[in-house]
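Enquirer: Have a look at this one before I ask anything.
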Amino acid sequence: MLKELRIAGFGGQGVILAAHILGRAVSIHEGGYATMTQNYGPEARGGAASAALVVSDQPVLYPYAVSLDVLVAMSSEAYTRFVPEVREGGMLLVEEDLVPLDQKAQHLRVYGIPATRLAEELGKKMVLNVIMVGFFCAITGIVVRDAAMKSVKDAVPARFLDLNLKAFERGYEYGVELLAKGPAKGEQQMAVPQEAEV
Amino acid sequence: MKADQRCVMTGTHFINGDAACCEGALSAGARFAAGYPITPSTEIVERFAARAPQVGGLFIQMEDELASSIAIQGMVWGGQKSFTVTSGPGYSLMMEHIGLAAISETPCVFVDVQRGGPSTGLPTLPAQGDMMQARFGSHGDYVTIAICPNSPQECYDLTVKCFNLAEKFRVPVMFMMDECVGHMTEKVVIPPAEEIDLYPRRHASKPPGEFQLFEAGEELVPEMAHAGEGYKLYVTGLTHDKRGYPALNPAAQRELVGRLFEKIRRAQDELTMVEAEGLEDADVVVVSYGITSRVAQKAIQAARDKGLKVGKLRLICVWPFPEKLIRELAGKVKALVMPELNMGQVVLELERCAGGQCKVIGVPHPGGTVHKPVEILEAIERGAR
């Protein structure tokens, strides 16, 4: 089992930390293997921020993600830039208020969440990345919930722990509810133009 | 000698290669780093600057790489373990002082997180283009040791090893990372201090007056005295005699430079550090180092799936080159394949040691990313024909 993932958004959304939490969960709390790489460059400030993860039950040899099983896009720019890297039939998880979809999402399984709004409801916009991590775990099942929660505990300062665990739960629940509506709902809800693949 | 627990971050971490290298240096007992931060090595000194005060260490951000590479040597003669960290452009500037470390037998570690070049090249992308520079970069004749990690875990483990080798042989040791390994985040296990063996400094066993600063000791390596201990220290880049005094004549040159080479030549077996697998019945052996060895492993698996007999030889220590091993291997196989992230550097040495006994196929790559496994696979298939 080898999965290639990318989490992308704009600087300040915490996408690197989100990838870090997932990678740590897999390699330390699940006993699997995870290799995280980041895109470095002048565009990293203010513009696109992105981190890729290769996770596997075997040691990871090739370090880069080249054919994504899952793209988590948290900005429109991130979506446009990275959606061509998603493999046919791969998954696309989006911050649905920030990412307008187009034809490029047609053959993907798309799941949306208003992560920023949910974060604001919890009282702090900055936890949207952890909401996304919870959502990711629920939808993809690639990272086990308990391992991810342990990893959240490792990664955030103690005074923000409760808030972050709540954020994780919120994202996770949202994902579970979305899945309960049936696998096709994601696409319909996100109104991907043309026929979406189930 | 064991590591000092106060400096060892024992535990399981999810950190990048740069961070792991810094922790390795701290575990190895480095208490001083001087550097001029440069991508993609910056995170090493950034972390060291934060960690050093916790362990009684010091980081100085110097005015440039020339200053960095000499400041660390001053600190070594002051009694501490030291290192500097850079990437291509800065490594070029350090060359003169690498020669000084070689002739003055100053044990220290130079970390080069290689990026695409020449010149400023590709600051944020990987290459392995400094390998020949690590061997021959400084003027004059000298030998060094160069070690290549292929994971953050090895960035930790092998940094400790680099410091140990520096102390044991009293040479500047080159830790040849690359951007990919430096910026890649993976699980890194840092053991308890009591499991980390450190090679202690070869300190003067004779009292001042009887002690000669550059007298060949065990394994041809002189013992060392530090400033402020009452010994007479004369440390110079000029050719010197046993006392360390300049001796500008052919006999002194022969004795000194001869010994600098001989102390490493004698240790060839110990310095043959490789990871080998499937060599016994291999038709083709892929010889690689650093990050490229992981991509090569993927190609090796694909070739085996096609029924080819392929072995793996990963060089952990590239300099000195494992000459004996390659000579033997070249007599048994059809081909040696060497992928590297440069246009063909270490492959020249591979060719030399193979001595025409088998095909040697380089898989050059200008850097900026790693090879596609298929590029290496094609070379394996050519070798097997």
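Enquirer: Does segment A:127-141 hold any residues that are surrounded by fewer than 20 Cβ atoms within 10 Å (Cβ to Cβ) and within 15 Å of A:Gly23 (Cβ to Cβ), and which are they?
Expert: Listed by number, the list holds a single entry, A:Thr140.
Enquirer: Can you say whether B:Leu348 is within 23 Å of B:Met174 (Cα to Cα) and in contact with a helix residue (DSSP H, G or I) (Cβ under 9 Å, 6 or more places away or on another chain), as far as the supplied structure shows?
Expert: Yes; evaluated as a whole, the condition is true for this residue.
Enquirer: Just give me the residues in segment B:89-143 being without any contact (Cβ under 8 Å) to a residue 60 or more places away in the chain, outside any loop (DSSP other than H, G, I, E, B) and open to solvent by less than 10 Å² (accessible area, probe 1.4 Å), in sequence order.
Expert: Result: B:Gly90, B:Tyr91, B:Met94.
Enquirer: Right, next: Exactly one condition in (1) more than 14 Å from chain A (Cβ to nearest Cβ); (2) open to solvent by less than 20 Å² (accessible area, probe 1.4 Å) is not met by B:Asp18; state its number.
Expert: (1)
Enquirer: Another question about this same structure. Among the residues of segment B:49-58, is there at least one that is outside any helix (DSSP H, G or I), modelled with pLDDT of 95 or more and surrounded by 18 or more Cβ atoms within 10 Å (Cβ to Cβ)?
Expert: Looking for residues that are outside any helix (DSSP H, G or I), modelled with pLDDT of 95 or more and surrounded by 18 or more Cβ atoms within 10 Å (Cβ to Cβ), one finds at least one in segment B:49-58, hence yes.
Enquirer: I've got another one for you. What about B:Gly35, is it free of Cβ contacts under 8 Å to residues at least 12 places away in the same chain, out of contact with any Asp or Glu (no Cβ under 6 Å at 6 or more places or on another chain), on the phi < 0 side of the Ramachandran plot and away from chain A (no Cβ under 14 Å)?
Expert: No, not satisfied.
Enquirer: Only one residue in B:Val347, B:Val333 is free of Cβ contacts under 8 Å to residues at least 24 places away in the same chain and touching an Asp or Glu at 6+ places or on another chain (Cβ under 8 Å), so which one is that?
Expert: Among B:Val347, B:Val333, only B:Val347 is free of Cβ contacts under 8 Å to residues at least 24 places away in the same chain and touching an Asp or Glu at 6+ places or on another chain (Cβ under 8 Å).
Enquirer: When you scan segment B:174-190, do you find a residue that is under 24 Å from the mean Cα position of the chain (by Cα), modelled with pLDDT of 95 or more and assigned to a loop (DSSP other than H, G, I, E, B), even just one? Don't jump to the end; show me each part of the working.
Expert: Filtering segment B:174-190 for residues under 24 Å from the mean Cα position of the chain (by Cα) gives B:174-190.
The next check asks that each one be modelled with pLDDT of 95 or more; those that pass are B:174-190.
So of that shortlist, the ones also assigned to a loop (DSSP other than H, G, I, E, B) come out as B:184.
The answer is yes, given that some residue of segment B:174-190 is under 24 Å from the mean Cα position of the chain (by Cα), modelled with pLDDT of 95 or more and assigned to a loop (DSSP other than H, G, I, E, B).
Enquirer: How many residues are on the phi > 0 side of the Ramachandran plot and buried (at least 17 other Cβ atoms within 10 Å of the Cβ) when one looks only at segment B:277-321?
Expert: Adding up the residues that qualify gives 1.
Enquirer: Answer yes or no as to whether B:Lys324 is away from chain A (no Cβ under 14 Å) and either basic (Lys, Arg) or surrounded by 24 or more Cβ atoms within 10 Å (Cβ to Cβ) (or both).
Expert: It is true that B:Lys324 is away from chain A (no Cβ under 14 Å) and either basic (Lys, Arg) or surrounded by 24 or more Cβ atoms within 10 Å (Cβ to Cβ) (or both).
Enquirer: Exactly one condition in (1) more than 14 Å from chain B (Cβ to nearest Cβ); (2) modelled with pLDDT of 95 or more; (3) under 29 Å from B:Gly116 (Cα atoms); (4) part of a loop (DSSP other than H, G, I, E, B) is false for A:Leu71; which is it?
Expert: Tallying (1) more than 14 Å from chain B (Cβ to nearest Cβ); (2) modelled with pLDDT of 95 or more; (3) under 29 Å from B:Gly116 (Cα atoms); (4) part of a loop (DSSP other than H, G, I, E, B), A:Leu71 fails exactly one: (4).
Enquirer: OK, next. Can you tell me which residue is most open to solvent (accessible area, probe 1.4 Å) among those in segment A:94-126 that are without any contact (Cβ under 8 Å) to a residue 60 or more places away in the chain, farther than 16 Å from A:Leu71 by Cα and hydrophobic (A, V, I, L, M, F, W, C)?
Expert: A:Leu122
Enquirer: Now a separate question. So B:Met132 clears everything in (1) within 27 Å of A:Val55 (Cα to Cα); (2) more than 14 Å from chain A (Cβ to nearest Cβ) except one condition, right? Which one?
Expert: (1)
Conditions tested, residue by residue: (1) within 30 Å of B:Pro40 (Cα to Cα); (2) out of contact with any strand residue (DSSP E or B) (no Cβ under 8 Å at 6 or more places or on another chain).
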| residue | (1), (2) |
| --- | --- |
| B:Ala282 | no, no |
| B:Ala296 | yes, no |
| B:Asp305 | no, yes |
| B:Lys324 | no, yes |
| B:Arg327 | no, yes |
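Enquirer: Going by the structure shown, is B:Gly356 assigned to a strand (DSSP E or B) and open to solvent by 20 Å² or more (accessible area, probe 1.4 Å)?
Expert: Criteria not met by B:Gly356.
Results for (1) of a type outside the set (A, V, I, L, M); (2) surrounded by 12 or more Cβ atoms within 10 Å (Cβ to Cβ); (3) more than 14 Å from every other protein chain (Cβ to nearest Cβ), shown as yes or no for each residue.
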position	(1), (2), (3)
B:Val188	no, yes, no
B:Glu195	yes, no, yes
B:Tyr199	yes, yes, yes
B:Pro208	yes, no, yes
B:Phe211	yes, yes, yes
B:Phe214	yes, yes, yes
B:Glu218	yes, no, yes
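The values are calculated or read from the model by the stated rules, or taken from the named source; none is laboratory data. This structure is a prediction, so every number in the text was calculated from the model and none was measured. Counting neighbours? That spans all protein chains shown, and the Cβs are built from the backbone with ideal geometry, glycine included. For accessibility, only protein heavy atoms count, side chains too; no ligands or nucleic acids. Shrake-Rupley method; radii C 1.70, N 1.55, O 1.52, S 1.80 Å.
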